[in-house]
1. Of the residues C:Gly240, C:Gly317, only one is in a loop (DSSP other than H, G, I, E, B) and free of Cβ contacts under 8 Å to residues at least 24 places away in the same chain; which?
2. Among the residues of the stretch B:204-250, count how many are among the small types (Gly, Ala, Ser) and exposed (fewer than 12 other Cβ atoms within 10 Å of the Cβ).
3. Those residues that are more than 19 Å from the chain's Cα centre (by Cα), part of a helix (DSSP H, G or I) and at the interface with chain B (Cβ under 7 Å from one of its Cβ atoms), I need them from the stretch C:339-375; list them, please.
4. What are the pairs with Cβ atoms under 6 angstrom where one residue, in the stretch B:145-161, is within 9 Å of chain C (Cβ to nearest Cβ) and the other, located anywhere, is of a type in the set (D, E, K, R) and part of a strand (DSSP E or B)? Sequence gap at least six, or different chains.
5. Based on what the data block shows, is C:Met232 surrounded by 24 or more Cβ atoms within 10 Å (Cβ to Cβ) and within 23 Å of C:Ile180 (Cβ to Cβ)?
6. Test B:Ser48 against the criterion of being surrounded by 15 or more Cβ atoms within 10 Å (Cβ to Cβ), within 30 Å of the chain's Cα centre (by Cα) and at pLDDT 85 or above, and give yes or no.
7. Condition first: under 20 Å from the mean Cα position of the chain (by Cα) and either outside any helix (DSSP H, G or I) or at pLDDT below 95 (or both). Now tell me which residues in the stretch C:182-218 satisfy that.
8. Kindly list, by first and then second residue, each pair from a residue in the stretch B:286-305 that is within 12 Å of chain A (Cβ to nearest Cβ) to a residue that is of a type in the set (Lys, Arg) and surrounded by 13 or more Cβ atoms within 10 Å (Cβ to Cβ), limited to pairs with Cβ atoms under 9 Å and residues at least 6 apart or on different chains.
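The values are calculated or read from the model by the stated rules, or taken from the named source; none is laboratory data. Quick caveat, the model's predicted, so the values are computed rather than measured. Note that each Cβ is placed from the backbone with ideal geometry, even for glycine, and that neighbours are counted across all protein chains shown.
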Amino acid sequence: MSDAATVHDANPTGFAHQFEDLEQQRDAGRLGMWVFLATEILFFGGLFAAYTIYRSLHPQAFLIGSHLLEVKFGAINTVVLICSSFTMAMAIRSAQTGRKKGTIISWLILTMLLGATFLFLKFRFEWYHDYVDHIMPGFGFHNMPQWGANAPQVQMFMCFYFFMTGLHALHMIVGIGILTTLCIMAARGKFTKHYFAPLEISGLYWHFVDIVWIFLFPLLYLIRY
Amino acid sequence: MMGLTQFALNSMAALWAGLPLSPPAASSIAESVDHLYYFLTGITVFFSVLIFSIIFYFMIKYRRRPGQQTAPETHTSMFLELSWTIIPSLICVVIFVWSSALFVRNARPPANAREIFVIGKQWMWQIQHPEGPREIDALHVPVGEAIKLTMTSQDVIHGFYIPAFRVKKDVLPGRYTSVWFKADQAGVYHLFCSQYCGTNHSEMIGWVYVMSPTDYAAWLSAGEQSESLAQQGARLFTQLGCDTCHTGTASSTGPSLAGIYGKPQKMAGGGTQVVDDTFLREAILTPSTIHVAGYPQIMPTFTGQVDEEQLLQLIAYVKSLQPQERTNGQ
Amino acid sequence: MSTTATIDQAPGASAEPQINYLNARYGVKSWLLTLDHKRIGLLYLGTITVMFIVGGIAATLMRLNLLEPQGALVEPETYNKLFSTHGIVMVFFFLVPSIPATLGNFLIPLMIGARDVAFPKLNLLSWYVFATACCLMLYVVATGGVDTGWTFYTPYSSLSSHTDVFLAAMAIFIGGFSSILTGMNFVVTIHKMRAPGMTWFRLPLFIWAMYATSVIFVLATPVIAVTMFLLMLERLLHVGIFDPALGGDPLLFQHMFWFYSHPAVYIMILPSMGVISELITAFSRKKIFGYSFIAFSSLAIAVISFLVWGHHMFVSGQSVYAGLVFSVLSFLVAIPSAVKVFNWTATLYKGSISYEAPMLYALGFIGLFTIGGLTGLFLASLATDVHLNGTYFIVAHFHYIMVGGAVMALMGGLHFWWPKITGRLYPDLWARFAALVIFIGFNLTFFPQFVLGYLGMPRRYAMYPAEFQALNVLSSAGASVLAVGYIIPVIYLIWSLRSGPIAGPNPWGAKGLEWTTQSPPLTENFEKTPIVTEEAYNYETAPAPEVARV
C-alpha cells in the first residue's frame, strides 16, 4: 500500500490521489480558490467597514488626510495593476491554447514585473516620502499645525491608509511569490492544454488583489472629487 | 385529592415567596419586568418538562426488546413540522411584542425627570447632584420621583446596574449615555458595575439610598455647602473665557447661549440639531465638528482643558440660562 | 473466524492485526508529516485536549476562589486573568476547533465515501497553524496571562490593561487562519468529492451540519482576524482606533468583535447538533424524523446567525431601533433549533432504543440544550436582557449550551466513533456512569447560576456580596463533581487503547459509509470507492449490533 507522498511524486501531471480524476481536481481547486477569495473579501471588508464608519464620523479630517496622498502615483499604480491582470490572463490563455512554455513564462514574468513596479512605486515614492515627511504613524508622526483639532483623526486616516495598502501590498508580495512558483512549474513543463489549473487558480487570486486596489484607490485617494 | 393539590400549590407559592429568587422589586418597572420573567420561566419549564417527559416516556416504552433489531418506519409528518415551527414562532412573537413594548416605554425618561450625573472611573462611581452635593459609590434619590441619570466614563467602559430597579446601562468614555428609573420603595439597594473594567471591577460597587422626599430634601441641604453645578459652571464659563465670545449681545462672535438648551438649533449646512448634553459636549471638545448657522467656525477646542466634572458644570450652567429676547441677526 | 470469541475480541473482529491507518507507518515523522485526514484529526484531538485541561484548571481555580465572598484563593488581579484565560482558551482553542477539527476531519471523507479531503496539505498546514497559535497562547498564559476577558472590550484592552494583549490577540489571529483553512477544505470536499450516488439529500446530517459550520468558518473568521489585527496595531502604535479621546469609537470594536463571535457560537453548536442526529438514529435504529427539515434548519441557523450580533449590545448604548431589529432576529434564530429538538424527539417514537453511553450523552444533550436554548429567549427579549446582561444568568445560559450541549456532543461522538477511530471498545458501564456523573455535576454547577443572575450577581466578579455565597458554594461543589466526571473517561479511554476488546467494523450496527469499512480504517479509507444506492439511515438494511446490549 503506497502512501500519498510517493504516489504524488511519481505522477508528472500533478494528479493528486484523493481525487477520482483530473476534472474533479480542477473543479475542487477552483471552488477552493473562490471560497478563499470569499474569506479575503470578508477580511478586507472588515477594514473597509471600519474605514467607512470613521470617514462618515470625521469627513473633514479624512479629506485633509486624503490630500496628503499623491494621486499621481496612485493612478499610475492603478494602470500598472490593470495591465498586470491583462498579462496574467494572457499567461493563462497561452497555456490554454497549448503555447510553448517560454510564452507562458514570459507572460508570467511580465505580470511579476508589473507587480514589482507597483510595489516599487508604492514603497519608494509614497511610503518613503510619507516617512520622511513625518506622516507615517508610529514612526515619528508629527501633527501639522494647519490640521488644528482634526489632528488625531488625520493620524487615524493615515493609519487606515497604511493598514489597508500595507495589507494589500502583502497580498501582492505573496502573489509574486506564487507567480515565481508558477514560473518554475512552467519551466519544468508541467502545464499543458489539458492541465493548467494552478495558473487559473492563481489568476483568480491575482485578479482579486487587483480588484481590491480598484476599490482602495478611490476610497483613499479620491475623496476630494 | 383536592386537599393534597391545594397543599402542594400553597407550599410551592410559599417556597417561591420565601426563596430568594429575585431581588427586591423597588422601581416602577421592576414588577412588570418580573412578570415577563415569570412568563419566560413558565415557557422554559413547560417546554423542558414536555421534552423531558416525552423522552422519558419514549425511552421506556420503546426500549429495545431482546431480539428486536430494527424499528418500523415512521413517516415525516408535515403537520407536525408545521405545528412545531408555527407554535414556537407565535410564542416568540408574543414575547417579542411584550418585551419590546416594555423596553421602548422604559427607554424614554419622563419630561420632568430629575437629572443626576454619574461619572464612572476605575474603580468608583462619582455621583453629582445638580444642586451641588457630590457622593462616591452612593446614590441618594427621593422615592416616587423619576430620576434620569446622565453618565460618562473617565477611562474605560463601565456599566451602571441597580438590580432592584431592573435597570442597567453601559457607561462610555467620550460620550453620554442615560438611564432613568422611578424608585417606588424606600430602602437601600445594591449598585454594581456590570461591565468588566479591570482589576477592581468587583469592588466598583455601592448603595442606592431611596428616601422620602422630605428626607431627601434634608439630605441635599445638609450636605457640604457647595455651589450648585450651574453656579460652578458659571464661574468656569468666565474663567475659561467663554464669555468673551458668547456675550449674548447682538455683536457677539459666538451664538448666544440663553435658552438654547433642549431647542433645535439651525446648522450651517441646513437642517437642525437639538441642543442636548451630547451637543454641548461636542461643541466644547470638538467645535470643528459643529457649525451653527450664521456664525464662523472659529471656536477653539477645550479638549484637555476641562475634565468630565467641569464639562457637566458648564452644561448645567448653559441649561440654567433663561431665554432672553432675541435681537436681530440671531 | 472462530465461533467462540476470545475474551478480548468482539464478535466480528478478525484475529490477525490488520493494516490500518494507525499502523501503516510508524514514527514521529509519519505523524508530523502525515497527509491522512484521520491522523490529522487525532493530532487535533491531542491539541484540543491539552487546551481543555488548561482551560479546565483555570475554571477550577475560579470556582475555588468563589467559595468565599472576599475571594478564597487569589487576588482580584489573578482572578481576572483566570477568567480571561478560561474564556479565551475554551472558546478559541477548544470549542471552535473541537468537533470540526477532530470528528469532522476524521469522518467527513469516510461519510461521503472519499479517500481524503480535497486539500490534504492545507489540512496539515491548518493543524500546524493551530498548534502554533496554541503554543503562543500557552506562552501568554505562562508569562502572566491577559486580564481583558475573552471579549477584549476597548478601551480597557487597547489602552488600560497592563497585560500582554498584543500576543494574546496575535494567538487568536493566527488560530483564525486554521479555522479558515479547515472551513475551505470542508466546503470543497463536501461539494466535489461525494461518492457516486451520494446526492446531497442522501448525506448524513452530520455532513449537513459540518457544511453549515464551514460556511460560517469561512465568512466570519476573517472578521475576528481583522478585529484582532486592529487591536494589535492599537496596542503597538497607540493610534486611537478605539480611543474616543482620539476620535475612535469603542463601540466599533464591539460591533466587529461580535460580528464574528456570535456566528462563532453557532460554529460551536452546529457540529454538535450534527453528532446528535447521528447518535439518535443509530441508537433508535430508525430513520431520522424530518431529515430535510433538520438539514435546512442547519443552513438557516448559519445564515441567520450573521444577523443577530447586536443582541450582545442591548445595554451598550446602541439605539433603541437597533435593539428592536436585533431582538426580532434573535427570536428568529431560535426557531430552527427548536425544530431540530422536536425532530430528534420524534425520531425516538416507535424506535428500538438502547442506552449505551453515546445515547446517554445524546439524550442529555437534548435536555440541556433545550434549557440552554430557552434561556436564550430571556436574553433575546429586550426588557429582561437589560436586567440579565452582564450577570451570571448569561454565564449559565452559555454554559448550558456549550458544556451541556457542545461538550456532551463531543463526548457522545467520541464514544460512538471510538471503535472506528481506534479499533477498540471501551467499558460501557464505566462510560454510562461517567455520563451520569457529568450530567449531575453539570446541573449542580450551572443551574444555581441562573438564580444568581436574576438576583443580580454580575459576572467577572472576583468578590461578591455575602448574600450570594450559598449559591456560589453549591455551584463550586457541582464543579468538583463535573471535574470527576471528565476525568473518568480519560482513564478508561486510554485504558481501552491497549486493553479494550477489539472492535469489528460496525459494533453498533449503524448505517453510514464509515461503518462499512474496517475498524480502524485503511489510510485510503475504502478498498473500493463505495457506490451509494439508498437514503441515509435506512435501518431496514442495517446489520445487527455486534455486541448485544440492553
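1. After applying the criteria, what remains is C:Gly240.
2. 4
3. Once the filter is applied, which keeps residues that are more than 19 Å from the chain's Cα centre (by Cα), part of a helix (DSSP H, G or I) and at the interface with chain B (Cβ under 7 Å from one of its Cβ atoms), the stretch C:339-375 yields C:Val339, C:Phe342, C:Thr345, C:Ala346, C:Leu348, C:Leu374, C:Thr375.
4. Partner pairs satisfying both residue conditions: B:Asp155/B:Lys121; B:Ile157/B:Asp170; B:Gly159/B:Asp170; B:Tyr161/B:Lys168.
5. no
6. Numbers: surrounded by 15 or more Cβ atoms within 10 Å (Cβ to Cβ): yes; within 30 Å of the chain's Cα centre (by Cα): no; at pLDDT 85 or above: yes.
In short, no.
7. Listed by number, the list holds a single entry, C:Pro204.
8. Listed pairs, sorted by first residue: none to list.
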